[in-house]
Amino acid sequence: MSGVGTRGPLLSVEDVKVHFPVRSGLMLRQTGQVKAVDGVSLAIGEGETVGLVGESGCGKSTLAKAVVRLLKPNAGSVVFEGADITHLSPRALRPLRSDMQMIFQDPVESLNPRQSVRQIIEEPLIIHRQGNAATRRRRVDELLERVGLPANSGEKFSFEFSGGQRQRIGIARAIALNPKLIVCDEPVSALDVSVQSQIINLLLELQREMGISYLFIAHDLAVVQHVSDRVAVMYLGKIVELATAEAIYQRPCHAYTKALLSAIPEADPAAERERILLEGDVPSPINPPEGSAFGHRISHPRYKETVGMDLGLVEIEQGHWVARDPCCLSEEDWKKVQ
Amino acid sequence: MKDGDPAKATVRQIYQEHDPGGDALLRVQGLVSAFDTERGLLKAVDGVSFSVNRGQTLGIVGESGCGKSVTAMSLISLLPRPAGKVLGGEVIFKGEDLQKVSETRLHEVRGGEIGTIFQEPMTALNPVHRIGRQVSEVFRLHKKMDKKEAWEAAIEALRMTRIPSPEVRVGDYPHQLSGGMRQRVVIAMALACQPDLLIADEPTTALDVTVQAQILDLIQGLQAEMGMAAILITHDLGVIAENCDLVVVMYAGRVVERAPVKELFANPMHAYTRGLLNSIPRLSLPPKSELNTIPGMVASLSEMASGCRFCQRLGRRSSLGDERPELREVSPGHWVEACPECCGGEARESV
């Protein structure tokens, strides 16, 4: 079990796998599998933010969908507030939906252009049969005010708003039912820096007020570091490092984490630092290398050893987990985990 | 904007600024571009000046809608017609005003002497043609090569951008490549004719940080090799800090600050520049602390003030009233729009 949050887990996933069939040919016979998420264990504590980082195609969004059971994992378990929800039917999941919400990257695509903002925010309240028309109306006004939208916004349509305001509409909808967990899938990636900071501040305030837990996915590592208590680094369907935000940034152990961190452009022209340039892209999850996936990408001399080896997470320091992979650890760290 | 001849007024005003560098590769003076819309003529770029020397990288930074991309498009007359047009100003490239040259000459310049890279590589590539055909087209057009020579040249161009096994990849269609590889193809096309200037509009915004680092490193390397100048448009101040020599900060169609990169980050003068710099989450900040924000929103183009536009956003009145703040040089090469309310400290004294 890797790194349960300090405040007791609200949600935990254990060895979750999500594989998609690859079909081809005339009869659409299954010819392979995309191992989008391949054995991930993670826990999110109450009021905790877990950041999830990795390159596109590493399985971040698939994991997020499996966590809130928008996808059914092929193996492993998802436990929410002590109850196993891995095999629940969509109908049985419905009461739980009010506790788990999602905020998406693209507020344009995730808001219905034919609905007024009021209808968009009211919809979850109607589905979950909360209050009558009058109380719902008050609740929507309250929510609009809470997320910092002008009072007359309810009667407008989403396309009349700027990107940042649209994201606020998405947030208002997500918090309408007082959820315990919100999965934020790249919520600020499409926004300008000044708007990005407004949305981050709003998410942090809501967390302080309502005690919401976040699973926060982003490719901007500076943003993730700022909002997260713990950070999980994903590579090709697996978590390769998991630690407190501070430890990930101050003492990264895995070579991939180090490379990711070194790739962040720093807004300081005077800073001199060494950049680790990774060659190539993330390998295809259809035919992943047999051994260490990252060792394979950087053609590490010890790659051969890792074929058939258990590359699972080990605790290298209190609360700091890293893949037991000789290709990706410094010699010193490798000795520590032996 | 309701003033009689907006273009002329702005150009005159901008001309008061001293001529930056006589032998610059590209010198833009008082560029004004506008779109003809139902609500009248809207100026998206309102008197922008800067210059780039050979081998230099100039960064243009600002929020969406500030006119960064329209500026880039105006330089090579690529504004959508008939709505978009350049109303005034000069674009002097190698001593020649690109606003005045013939269409034929423009065709030579685009792709030949000035290469361009746009944000989304998928839209810049034709999905139904092999990438080899698209890259070799540049050679056939500009270097008058025949099909076979051009194909060979395309392979070399792809090799230069470090695409693995280019002789195989040259036969691929764009959808067969990853985002990073597609962007390399676009770079190969942009650099095929060894241009003097590269205009890159958000070249890495759609890419992962690791791939972004590869692409920027590649552009820098090729620049050093070919002595090419570049204009890099981005909203990412980190990218600016690491890749540019000079920075132009744009707000609402105007340049609010322009300086060498180190000077700009060390002594940001304009309140807008400071606001941008302070909004970035940094490792030095306490985790989960409140981030700085810039209050207010950019006014829509039809409601833009003629005076200081950042004051307009903050809902305060500039002491200059409706008069446009002039650009003043506060230290060598460091220019700032001299609105007393927006420039604190030293700037205020030197204004």
B:Glu263 being closer than 24 Å to A:Ile200 by Cβ, under 22 Å from the mean Cα position of the chain (by Cα) and surrounded by fewer than 24 Cβ atoms within 10 Å (Cβ to Cβ)
no
Residue check: is A:Val183 surrounded by 22 or more Cβ atoms within 10 Å (Cβ to Cβ), touching a residue at least 12 places away in the same chain (Cβ under 8 Å) and farther than 20 Å from B:Thr293 by Cβ?
yes
Restricted to the stretch A:55-69, and to residues that are part of a loop (DSSP other than H, G, I, E, B) and under 13 Å from A:Leu181 (Cβ atoms), which residue is farthest from the other protein chains (Cβ to nearest Cβ)?
A:Arg69
For the stretch A:295-333, what are the residues that are more than 15 Å from A:Leu236 (Cβ to Cβ), assigned to a helix (DSSP H, G or I) and either in contact with a Ser or Thr (Cβ under 8 Å, 6 or more places away or on another chain) or open to solvent by 30 Å² or more (accessible area, probe 1.4 Å) (or both)?
A:Lys304, A:Glu305, A:Glu331, A:Glu332
Could you check, for the stretch B:309-316, whether at least one of its residues is more than 14 Å from chain A (Cβ to nearest Cβ), charged (D, E, K, R) and either in a loop (DSSP other than H, G, I, E, B) or touching a residue at least 60 places away in the same chain (Cβ under 8 Å) (or both)?
yes
Going by the structure shown, is A:Tyr256 touching a Phe, Trp or Tyr at 6+ places or on another chain (Cβ under 9 Å) and aromatic (Phe, Trp, Tyr)?
yes
When residues of the stretch B:172-185 are limited to those that are modelled with pLDDT of 90 or more and part of a loop (DSSP other than H, G, I, E, B), the one nearest to the other protein chains (Cβ to nearest Cβ):
B:Asp172
Of all residues in the stretch A:97-113 being open to solvent by 40 Å² or more (accessible area, probe 1.4 Å) and touching a residue at least 12 places away in the same chain (Cβ under 8 Å), which is farthest from the chain's Cα centre (by Cα)?
A:Pro113
When restricted to A:Ala222, A:Ala263, the only residue at pLDDT below 90, facing chain B (nearest Cβ under 7 Å) and open to solvent by less than 10 Å² (accessible area, probe 1.4 Å) is A:Ala263
The lone exception for A:Gly154 - which of (1) surrounded by fewer than 17 Cβ atoms within 10 Å (Cβ to Cβ); (2) in contact with a Leu (Cβ under 9 Å, 6 or more places away or on another chain) it fails
(1)
Qualifying positions in the stretch B:255-293 - in a loop (DSSP other than H, G, I, E, B), touching a residue at least 12 places away in the same chain (Cβ under 8 Å) and facing chain A (nearest Cβ under 8 Å)
B:Ile280, B:Leu291, B:Asn292, B:Thr293
Among (1) at the interface with another protein chain (Cβ under 10 Å from one of its Cβ atoms); (2) open to solvent by 20 Å² or more (accessible area, probe 1.4 Å); (3) in contact with a Pro (Cβ under 8 Å, 6 or more places away or on another chain), the one test that B:Ala241 misses
(2)
Out of all the residues in the stretch B:186-209, is one or more open to solvent by 10 Å² or more (accessible area, probe 1.4 Å), out of contact with any Pro (no Cβ under 6 Å at 6 or more places or on another chain), facing chain A (nearest Cβ under 7 Å) and at pLDDT below 90?
yes
Can you spot a residue in the stretch B:124-143 that is crowded, with 19+ Cβ neighbours inside 10 Å and within 17 Å of B:Ala230 (Cβ to Cβ)?
no
Restricting attention to the stretch B:144-155, which residues are open to solvent by less than 20 Å² (accessible area, probe 1.4 Å) and free of Cβ contacts under 8 Å to residues at least 12 places away in the same chain?
none
Yes or no: A:Gln165 buried (at least 20 other Cβ atoms within 10 Å of the Cβ), facing chain B (nearest Cβ under 9 Å), in contact with a helix residue (DSSP H, G or I) (Cβ under 9 Å, 6 or more places away or on another chain) and not in a loop (DSSP other than H, G, I, E, B)?
yes
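The values are calculated or read from the model by the stated rules, or taken from the named source; none is laboratory data. Everything quoted here is computed from the prediction, not taken from an experiment. No Cβ is skipped: glycine too gets one built from the backbone with ideal geometry, and neighbour counts run over all protein chains shown. Ligands, DNA and RNA are excluded from the accessible area calculation, which covers all protein heavy atoms including side chains. Shrake-Rupley method; radii C 1.70, N 1.55, O 1.52, S 1.80 Å.
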